[in-house]
Amino acid sequence: MDYFLFSVAAIIAVVSAVLVIVQRNPMHSALYLIITLLCIAVLYLQLSAQFVAAVQVIVYAGAIMVLFLFVLMLLDQENPIDTPSTLRYQNPVAAVMGLLLLVELLFLSARAQPPAVLTSGAPGSSPGFPGSVESVAESMFTRYLFPFELTSVLLLIGMVGVIVLAKRKL
Amino acid sequence: MIDYLFLTILLPLVGVLVNGFFGARLPKKLVAVIGCGTVGAAFLIGVSALIALARLPVAERSVELSLFEWMAAGDLRVHAALLFDPLSAVMLVVVSGIGLLIHVYSIGYMWKDSGFARYFTYLNLFIVSMLILILGNNFVVFYVGWELVGLCSYLLIGFWFHKPSAADAAKKAFIVNRVGDLGFALGIFAIFAVFGTVQFSEVFHAIREPVNGFVDGQNLLVLGAIAVLLFIGAMGKSAQIPLYVWLPDAMEGPTPVSALIHAATMVTAGVYMVARCHVLYELVPGVLAFVGVIGAVTAVLAASIALVQHDIKRVLAYSTISQLGYMFLGCGVGAYAAAIFHLMTHAFFKALLFLGSGSVIHSMEHAIRHAHGDADPQDMRNMGGLGRHMRITALTFVVGSAALAGVPFLSGFYSKEEILTSAWEGNRLLWGLGVAGAVMTAFYMTRQVLKTFFGKFRLGDDIEAGLHESAAVMTVPLLLLAVGAVGAGWIAKPLHVFLSPVFNSQEVIHGGVEAAAHGGGHGSLMVIAICAAFAGIAVGVALYAKASDRPTRLAAALEPVHRLLYNKYYVDEIYDRLMISQGHALSRFLANVFDAHFIDGVVNGVAKVVGGVGEVLKKCQTGYVRNYALTMAAGVVAILLYFLMR
Amino acid sequence: MPLFHYYLLLSGALFTIGVVGVLTRRNALVVLMSIELMLNAVNLLFVTFSKYLGIVDGQVIVFFVMVVAAAEVAVGLGIVVSRFRLTGTVDADKASLMKW
């Protein structure tokens, strides 16, 4: 069952990810990206990370992608980018690099030793796994309280930056 | 009180910092109070420390105070430490005391100068440097003071740096001193190489009580080399042949500075060093004899130059060189206490003479400027009859001159007599030179006094009307110094008793003191000395008492000699021919050929190579973000490859 | 092969796709999406290890990554929009003035 669920989600995720980068229309790219993100959310659930899965759906697939779509619609994309590229060797070299990277990561993944805890069983089977909202929250508000507070500052800076960038006149 | 000795250095240093950083913004009165007050405090501490030292038992009169460890490198351990024994105590009191009087005098002399605060900063720094030199308990601290004194002399001689002659004189003093300092530094290196320590007491202990037969022939050679190297340093600082040329030019600085350099600080450093290292010099009699010969020859040659100079300060400058020669003569015949004694009395009367001449110049300058004249205010040919207008200055100047000339019962008589007596016992030839120098000394001082203060004023009535006595702030130091110039000789006996533990030998307290203090022993020698003094004075009076053409006739009769003396034996010209012009040629070669072609070629070549490489490599900067990202990706691939291969 | 390795492999594949997207696409918006893909690949890796190591810290870090991603997207899109206003294009290759 685990393998089946994983296979389905993984295949959909990879296929739609490929579609994200090959679509000519960026609108379609965005929609395929949402599918990928949702599939990853499913995988998070399988890894018994409920909180992260929920945030993935709400923040990523929801808020961030809506932002993308909003900008896509805001900008006039009538004339797609079809002028010939000035970088002749860019795409072939990029393809070779991607291939090399994939092969290397394949080897590295296959060689990786699973951590010791893994021996207790397949994902999701260990009882009382600390992936619940409760355990994440406890960690976030104790050990990681200071970084957590810092993120608010980061978001504030991001907000101010966007306003400065996007406003024609302050 | 001895524990607080470091304050004598620290307080003037505080003065340096305050006046140096804030002096320009402080009122002049406060600057003067800070400058004089800190030195005065140092003087008081020095006196009370001297008293405290005198109260100690004789055997314990050598106190070492370690302030902190200054540097440690390998075997070299240098502490910033002070040594307080009778020798440094006497020096401390003399330097700070005379320095204080010169400080006070300077208030009046420099009041109208725009660099008032800067002047007092340098002056305080001078005192600080000299006290470091005197109180250091090892050669390295001593050397710090030694170099700082050289620096201060540079700053003060070149105080009016906008005058090219002053700037040149400052450079000359600094460079000539460097020659000596090089020898001194080499001497210190050699001491460390031989003894493994630079502390006075340890070095002298090793010399005095050699372990396993240290003093054999070869080691004596090494010791001799060290002694000569150190003495080369003393030649530079104390203006002995052949490195004396800077001192006459040093009068380009303000006159109180000349007094400070000539009397209390700087030039006495060399004498102090030889006295401090007497243990070393006594082991190598050849070097000691060399010191004595240099001293005697310097005494005579400098005195002979002083005979014919017209500049009031130049006469005094050559007189200083001559008197320093006497001190080295004393050292050379083993009479260290006598040398220090002469150093002390000389400090009094030479400071007095310089400050007196400063008072004269001050007045002359004022009068000439007032009458819109352009005469040289330092030329004695322009003076005459000043005694009527400046009674205190004239009186004190006469007293100082008499002391320097060796008139009986004044300080200079006792100390010079003592050195000459010791010289008689050491070497008759040196004694002869010394007596000849004494005659000349008496003559040129008589000449100076008569030409300056007596007779008729030579520049006319309108300038004469502007002459006036200096302010009390200048005359009071003169009076105090005059008291010292008269009375300093009377403490000969206690001074020698006080100093005897340092020089650790009986022969110091020999006939000289007895003769000076009781008139016994070498009575005939004393008579000769008195005769020498009066002979010089008599000749001077005969030539200059009344305005006559006798001096010019005499000069014409001895034309070649006069010209030789007047041009100072052409030493400056010889040095110029031999060294300075060669140095200029080398500098020109380096500037026009070496720098222009070789150095510039290297520099431009490097720039061209960098530019060329940049021209090629700049093509990498395409400006396309994804192009850069591709490079990054290649890097990631390479790093992962490394992890895979590992 | 245990499922663990497949997670790693999936993560690697998604990351590679993101890299290729960044390298080949000229539309700045798609480039940003590709970056999101790469970030998600890394997130997946974090959660996987969190699960298999039995500690929750990985998930907290995922949360932080998401915050950074949100800020990055906001600023990145802001730049794209203002650049579009200036030049009328979202072509990343047109922004190549910073060169020799």
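The values are calculated or read from the model by the stated rules, or taken from the named source; none is laboratory data. Given the structure is predicted, the values throughout are model-derived calculations rather than measurements. Backbone-built Cβ (ideal geometry, glycine too); neighbour counts: all protein chains shown.
Helices (runs of 4 or more DSSP H) wholly in region B:167-255 with at least 3 residues that are at pLDDT 90 or above - which ones?
On the way: elements: B:200-208, B:217-237, B:246-249.
Output list reads B:217-237.
For residues that are free of Cβ contacts under 8 Å to residues at least 40 places away in the same chain and facing chain C (nearest Cβ under 7 Å), tally how many sit in region A:39-53.
Taking region A:39-53 first, the residues free of Cβ contacts under 8 Å to residues at least 40 places away in the same chain are A:39-45, A:53.
Checking the rest, the ones that are also facing chain C (nearest Cβ under 7 Å) come to A:40, A:43-44.
Residues meeting the conditions: 3.
Out of all the residues in region C:85-96, which are within 14 Å of chain B (Cβ to nearest Cβ) and in a helix (DSSP H, G or I)?
C:A92, C:D93, C:K94
State which residue pairs qualify: first residue facing another protein chain (nearest Cβ under 8 Å) and crowded, with 21+ Cβ neighbours inside 10 Å and inside region A:21-38, second residue of a type in the set (V, I, T) and assigned to a helix (DSSP H, G or I) in any location, beta carbons under 6 Å apart, and separation of 6 or more residues or different chains.
Close Cβ pairs satisfying both conditions: A:P26/C:V30; A:S29/A:V20; A:S29/C:V30; A:L33/A:V20.
Tell me which residues, restricted to region C:53-84, are at pLDDT below 85 and either within 12 Å of chain B (Cβ to nearest Cβ) or out of contact with any Ser or Thr (no Cβ under 8 Å at 6 or more places or on another chain) (or both).
C:L53, C:I55
Just for helices (runs of 4 or more DSSP H) wholly inside region B:275-369: which have at least 3 residues that are among the aromatic types (F, W, Y)?
Here the list reads B:312-332.
Which of the residues belonging to region A:32-59 are modelled with pLDDT under 90 and hydroxyl-bearing (S, T, Y)?
Residue satisfying the conditions is A:S48 alone.
Take B:F409 and tell me if it is assigned to a loop (DSSP other than H, G, I, E, B) and either at pLDDT 85 or above or not acidic (D, E) (or both). Explain how you work it out, then say what you get.
Details: assigned to a loop (DSSP other than H, G, I, E, B): yes; either at pLDDT 85 or above or not acidic (D, E) (or both): yes.
Judged against the criteria, B:F409 is a match.
Looking at region C:12-47 only, could you name the residues that are facing chain A (nearest Cβ under 8 Å) and more than 18 Å from A:L31 (Cβ to Cβ)? Can you show your working first?
The initial filter retains those residues of region C:12-47 that are facing chain A (nearest Cβ under 8 Å), namely C:12-21, C:23-27, C:29-30, C:32-34, C:36-37, C:40, C:43-44, C:47.
Of everything in region C:12-47, those that are facing chain A (nearest Cβ under 8 Å) and more than 18 Å from A:L31 (Cβ to Cβ) turn out to be C:G12, C:A13, C:F15, C:T16, C:V19, C:V20, C:L23, C:T24, C:R26, C:N43, C:L44, C:V47.
Can you name the residue in region A:148-170 that is at the interface with chain C (Cβ under 7 Å from one of its Cβ atoms) and among the β-branched types (V, I, T) and, of all such residues, is surrounded by the fewest Cβ atoms within 10 Å (Cβ to Cβ)?
A:T151
Right, B:Y566: in contact with a Pro (Cβ under 9 Å, 6 or more places away or on another chain) and more than 14 Å from every other protein chain (Cβ to nearest Cβ) or not? Walk me through how you get there before you give the answer.
Values: in contact with a Pro (Cβ under 9 Å, 6 or more places away or on another chain): no; more than 14 Å from every other protein chain (Cβ to nearest Cβ): yes.
Taking the combined requirement at face value, the residue does not satisfy it.
Looking only at region C:1-11, count every residue that is more than 7 Å from chain A (Cβ to nearest Cβ) and either without any contact (Cβ under 8 Å) to a residue 24 or more places away in the chain or on the phi > 0 side of the Ramachandran plot (or both) and tell me the total.
Step one: of region C:1-11, the residues more than 7 Å from chain A (Cβ to nearest Cβ) are C:1, C:7, C:11.
Next cut, either without any contact (Cβ under 8 Å) to a residue 24 or more places away in the chain or on the phi > 0 side of the Ramachandran plot (or both) only: C:1.
Of the residues in that region, 1 qualify.
Go through the residues of region A:119-134 one by one and say whether even a single one is surrounded by 14 or more Cβ atoms within 10 Å (Cβ to Cβ), at the interface with chain C (Cβ under 8 Å from one of its Cβ atoms) and either modelled with pLDDT of 80 or more or part of a helix (DSSP H, G or I) (or both).
Looking for residues that are surrounded by 14 or more Cβ atoms within 10 Å (Cβ to Cβ), at the interface with chain C (Cβ under 8 Å from one of its Cβ atoms) and either modelled with pLDDT of 80 or more or part of a helix (DSSP H, G or I) (or both), one finds none in region A:119-134, hence no.
State yes or no: is B:V144 outside any helix (DSSP H, G or I) and surrounded by fewer than 24 Cβ atoms within 10 Å (Cβ to Cβ)?
In short, no.
Would you kindly identify the helices (runs of 4 or more DSSP H) lying entirely within region B:536-646 that contain at least 1 residues that are in contact with a strand residue (DSSP E or B) (Cβ under 9 Å, 6 or more places away or on another chain), free of Cβ contacts under 8 Å to residues at least 40 places away in the same chain and farther than 30 Å from C:L32 by Cβ? Steps first, please.
Numbers: elements: B:550-557, B:559-566, B:571-575, B:581-589, B:600-617, B:625-645.
Fully inside region B:536-646 and qualifying: nothing.
Does B:I207 satisfy being touching a residue at least 40 places away in the same chain (Cβ under 8 Å) and over 22 Å from B:F341 (Cβ atoms)? Steps first, answer last, please.
On the way: touching a residue at least 40 places away in the same chain (Cβ under 8 Å): yes; over 22 Å from B:F341 (Cβ atoms): yes.
Yes: the conditions hold for B:I207.
Using the structure shown, decide if A:L69 is at pLDDT 85 or above, assigned by TED's automatic domain parsing to the domain that holds A:V42, within 28 Å of C:G21 (Cα to Cα) and of a type outside the set (G, A, S).
Numbers: at pLDDT 85 or above: yes; assigned by TED's automatic domain parsing to the domain that holds A:V42: yes; within 28 Å of C:G21 (Cα to Cα): yes; of a type outside the set (G, A, S): yes.
Spelling it out, A:L69 is indeed at pLDDT 85 or above, assigned by TED's automatic domain parsing to the domain that holds A:V42, within 28 Å of C:G21 (Cα to Cα) and of a type outside the set (G, A, S).
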